[in-house]
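Undergrad: Submitted below is the structure of interest, expressed as structure tokens.
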Amino acid sequence: MISDYHLHTFFSGDSKADPHVMADRAIELGMESICFTDHMDTDSEDPEFILDTDAYIPYMQDLREEYKGRLKVRIGVEIGMQPHLAERHREYVKQYPFDFVIASLHLVDGKDPYYPEVFEGREDREVYRSYLESLLENVQAFGEFQVLGHIDYVVRYGVHKALQYGYDEYRDIIDAILKHIIESGCGMEINTAGLKKGLGFPNPHYDIIRRYRELGGEILTLGSDAHAPEDIGFDFMAVSDYLRTVGYRYVMDFEGKRPKFVQL
């Protein structure tokens with residue numbers, strides 16, 4: 001099975017998963033490698049989302065040695081982007097020996113859309129556009145990452161979910177985001193948690209995945225966004241089949257931030 005490049009453990013405030021159990025599950029599924037990407041939200045009001053990187057790195061290095069010959073363990077991080085943190089994030093990713101960095105946006109107007117009050121008194125489409133505009137602003141400010149995470153994450157939490165969402169309605173912003181990451185040499189994550197949450201598509205939407213290919217995008221990773229071992233590799237087979245139908249032949253494996261093509 002294709003390697004899972006978006007996994008959370010007890011180093012993230014929203015997971016209790018033991019990395020050893022996650023690794024064992026990946027081996028059961030036939031994965032050759034996995035990448036742990038615990039949360040680093042630098043100025044979060046919740047300290048549990050500020051990664052204890054000085055503890056995380058040696059723990060994961062020991063885990064990598066423990067599983068050597070059975071599973072390639074990559075050490076990653078999921079950075080919660082905000083424009084005013086761009087310089088701090090640049091220094092942070094240089095400071096530690098990460099194999100892989102996901103840059104994600106979890107906020108709309110400073111609040112996580114997970115909380116219903118973000119949508120109070122507003123149409124979903126207004127919140128979605130605000131989120132995508134902020135995403136573009138963030139990738140223009142910070143580019144020291146390997147892939148952009150779950151591009152349309154906000155749709156998971158809309159009042160009407162996908163009923164007020166589609167690529168065509170936001171084509172101007174989405175194309176600007178995709179062109180920017182392609183020109184910057186960065187890639188895009190396909191996050192299957194959207195399927196798990198009942199959207200009917202991964203994040204980003206299938207139309208965006210196809211559009212990225214049309215624009216010349218090639219750097220892709222698959223991530224389940226698993227916070228528990230049973231979710232590792234969720235719907236990877238179905239998504240892989242779709243990728244092949246729209247012209248993709250490879251996904252990426254990263255080591256020391258250097259990409260290696262892995263055939264689908």
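Undergrad: Expressed as a rounded percentage, what relative contact order does the range 122-264 have, with Cα pairs under 8 Å and six or more residues apart? Don't skip to the answer; put the middle values down first.
TA: Details: 187 pairs, mean separation 29.7, N = 143.
Computed over the range 122-264, the figure is 21 percent.
Undergrad: If you place +1 on the Cβ of every Lys and Arg, -1 on the Cβ of every Asp and Glu, and leave all else neutral, what size is the dipole of the chain about its Cα centre, to the nearest 20 Debye?
TA: Values: 28 positive and 48 negative charges, 206 e Å.
My answer is approximately 1000 debye.
Undergrad: At a 1.4 Å probe, what is the % contribution of carbon and sulfur to the accessible area of the chain? Before the final figure, lay out the partial values.
TA: Working: 5410 of 11420 Å².
Solvent-exposed carbon and sulfur of the chain make up 47 percent of the total.
Undergrad: Same structure again: Check each of the GluC sites (Glu not before Pro) in the range 3-63 and keep only those in coil by DSSP with at most 16 other C-beta atoms within 10 angstrom; list them in order. The partial results should precede the final answer.
TA: Values: sites: GLU28, GLU32, GLU45, GLU48; in loops: GLU32, GLU45.
Those that pass, being in a loop and sparsely packed, are GLU32, GLU45.
Undergrad: Got a sec to turn the phi values of the range 121-132 into Karplus ³J(HN,Hα) couplings, 6.51 cos²θ - 1.76 cosθ + 1.60 with θ = phi - 60°, whole Hz, x for Gly and Pro?
TA: x, 9, 6, 3, 4, 5, 5, 4, 5, 4, 4, 5
Undergrad: Per DSSP H run of at least 4 residues, take -39500 (n - 2.57); add these up for the chain, divide by its residues and hand me the 222 nm value, nearest 500 deg cm²/dmol. The partial results should precede the final answer.
TA: Values: 8 runs with 88 residues, N = 264.
Here the helix-only value at 222 nm equals -10000 deg cm²/dmol.
Undergrad: Further, regarding this structure: How long, wide and thick is the chain, going by the Cα atoms along their three principal axes, in whole angstroms, largest first?
TA: 50, 43, 33
Undergrad: Run the 1.4 Å probe and let me know the accessible area of ASP112, rounded to the nearest 10 Å².
TA: Using a 1.4 Å probe on the heavy atoms, I get roughly 40 Å².
Undergrad: When all alpha-carbon pairs of the range 61-198 are counted, what percent fall beyond 23 Å?
TA: Working: 3755 of 9453 pairs.
Tail fraction, whole percent: 40.
Undergrad: Let me ask something else about it. Which residues' amide hydrogens lie under 5 Å from the amide hydrogen of MET188, considering only partners 5 or more residues apart or on another chain, with H built in the peptide plane?
TA: Excluding prolines and chain starts, which carry no amide H, the hits are LEU148, ILE219, LEU220, THR221.
Undergrad: Further question on the same structure: Evaluate 2.2 N^0.38 Å with N set to the residue count of the range 161-222, then give the Cα radius of gyration divided by it.
TA: Working: Rg = 11.6 Å, N = 62, 2.2 N^0.38 = 10.6 Å.
Relative to the 2.2 N^0.38 Å estimate, the range 161-222 comes out at 1.10.
Undergrad: Now for a separate question. Determine ³J(HN,Hα), in whole Hz, for all residues of the range 225-240 in sequence, where each value follows from phi through the Karplus function 6.51 cos²θ - 1.76 cosθ + 1.60 and θ = phi - 60°; x replaces Gly and Pro.
TA: For the range 225-240, the Karplus curve yields 6, 5, 10, 8, x, 5, 9, 4, x, 4, 6, 4, 5, 5, 5, 4 Hz.
Undergrad: With θ set to phi - 60°, apply the Karplus curve 6.51 cos²θ - 1.76 cosθ + 1.60 along the range 21-26 and write out the HN-Hα couplings as whole Hz, x wherever there is a Gly or Pro.
TA: Running phi through 6.51 cos²θ - 1.76 cosθ + 1.60 with θ = phi - 60° gives 5, 4, 5, 4, 5, 4 Hz.
Undergrad: In straight Cα distance, which lysines are under 24 Å from LYS161, not counting same-chain residues fewer than 8 positions off?
TA: Of all the lysines, those that pass the test against LYS161 - Cα under 24 Å, at least 8 places apart if same chain - are LYS111, LYS196, LYS197.
Undergrad: List the residues, sorted by chain then number, that are 5 or more residues from PHE36 or on another chain and whose placed amide H is less than 5 Å from its amide H.
TA: ARG74, GLY76
Undergrad: Give me the Å³ per residue figure for the convex hull around the C-alpha atoms of the range 137-264.
TA: So the per-residue Cα hull volume is 119 Å³.
Undergrad: Among all the lysines, which ones have a C-alpha under 19 Å from LYS260's C-alpha, if same-chain residues fewer than 8 places away are not counted?
TA: LYS68, LYS72
Undergrad: A follow-up question, please. Enter the accessible area per residue of the chain (Å², integer; probe 1.4 Å; all protein chains in place).
TA: Numbers: 11420 Å² over 264 residues.
About 43 Å² of surface per residue is accessible.
The values are calculated or read from the model by the stated rules, or taken from the named source; none is laboratory data. Fair warning: this is a prediction, and the values are worked out from it, not measured in the lab. No Cβ is skipped: glycine too gets one built from the backbone with ideal geometry, and neighbour counts run over all protein chains shown. Ligands, DNA and RNA are stripped out before the accessible areas are found, and what is left, the full protein with its side chains, is counted by its heavy atoms. Shrake-Rupley method; radii C 1.70, N 1.55, O 1.52, S 1.80 Å.
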